[in-house]
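Everything on this sheet refers to the single structure shown next.
Derivation of every value follows stated rules applied to the coordinates shown; laboratory data play no part. If you're wondering where the values come from, they're calculated on a predicted model, not measured in any experiment. Quick reminder, even Gly has a Cβ in these numbers, built from the backbone with ideal geometry, and neighbours come from all protein chains shown.
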Amino acid sequence: MLETVGDPAGVIPRRYRFSRTSSVVIMTQTRLFVGNLPYKTREQDLHAYFSQIGNVTSVTIMVDRETGKSRGFAFVEFETAEEANRAVEQLNNKEFQGRALTVNLARPKEERERSHRRTRRFEARF
């Protein structure tokens, strides 16, 4: 379960931290999207690479549900927003295991309409 900070309704995940500056709310984020990964990359490899910037709290490589193989992107979370921003500045477009990484602040997952495609796929057709 995600911790929440500064949100009375308890719906904003802890990874999104807020600061106020002259009545403008600025969201600082600690979670990064890392794209263009080689398919052989392991979470330990990414953790070691990003740890040179700061304290990495988690690394998650996204895998295909059916094959179990890497989808070529991951999420890396840092302890502070400053470390995350420094990682974007220093590691975006840098070579890692022979490929130029794409490193950006992660965007919140968009709500998608649930598809009935999965259930229809397994229907018997006579």
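Looking at segment 31-107, what % of the alpha carbon pairs are farther apart than 16 Å?
Numbers: 1240 of 2926 pairs.
Of the Cα pairs, 42 percent sit more than 16 Å apart.
Describe numerically, in nm with one decimal, the distance between label points set 7 Å from Cα along Cα→Cβ at E110 and at E79.
My value for the distance between the label points is 3.5 nm.
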